[in-house]
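The values are calculated or read from the model by the stated rules, or taken from the named source; none is laboratory data. None of these values were measured; they are calculated from a predicted model. Cβ: placed from backbone, ideal geometry, glycine included. Neighbour counts: every protein chain shown. Just so you know, the surface numbers come from the protein's heavy atoms only, side chains and all, with ligands and any DNA or RNA stripped out. Shrake-Rupley method; radii C 1.70, N 1.55, O 1.52, S 1.80 Å.
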Amino acid sequence: MALLAGIIYSVILLVAAIGDYRTRRIPNRLVLLLAILGVAYSLVRAPLLSGFAQAIGGIGTGLLCWLPFYVLGWLGAGDVKLFAAAGAWLGPGRAVEGALVAALVGAVLSLIWMVRTRGVKGAVETLGLAAGSPGVLSPVGDASRHATLPYGVAIAFGAIWAGWMPRLLHI
């Protein structure tokens, strides 16, 4: 049953990542499905109270990890909600691991994206400006949706990694 659950979890996250890449949107229905199935999985895996605490703790941890980046305008609400929903499957400790992996993957993707859209010189200038004024990393209001990085790809990668790979941290 754990294998089937892991496959369902991964497929939902992959669908979200592909959708975010194509449209720069993560549907709320997909996030809700991931969250509901995550809570159900946690309840099946552990005693009722313990399973529920794991799921809610994972959702809360996922929100706390990414909400500041939404507030700064660096991530969309869909990215934050997607990771919080994945947290229902992961629990708090694994959600922290997934967030760390997603942040590393996201940093690499962001650098590649910046070089691709601004060139090497523009990327270096932007990063130099960002050191003193992080707001320059927020998308420009007039920018088309496709000019922004689909961070759901990094979020999904980190969440899948945390679900399948050996523990990185001992939390």
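Tabulated results
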quantity	calculated
Average accessible area per residue (Å²) across the chain - probe 1.4 Å, nucleic acids and ligands excluded	56
Rg/Rh ratio calculated on Cα atoms of the stretch 1-99 (Kirkwood radius)	0.98
Portion, in percent, of the accessible area of the chain that falls on carbon or sulfur, probe 1.4 Å	72
Spin-label zone in the stretch 4-40 - amide nitrogen under 16 Å from a point set 7 Å from the Cα of LEU127 along the C-beta vector	none
Rg/Rh for the chain, where both radii come from Cα atoms and Rh is the Kirkwood radius	1.01
Gain in span if fully extended, ARG118 to LEU72, counting 0.36 nm per residue against the direct Cα distance	14.4 nm
Span-like helix ranges in the chain, DSSP H, alpha carbon extent 24 angstrom or more, Kyte mean at least -1.0	2-23, 28-45, 48-71, 77-132
For the stretch 44-128: Kirkwood Rh in Å [reciprocal of mean 1/r, alpha carbons]	14.1
Within the chain, longest stretch clear of exposed trypsin sites (Lys or Arg not before Pro) (DSSP loop, no more than 16 other Cβ within 10 Å)	26-166
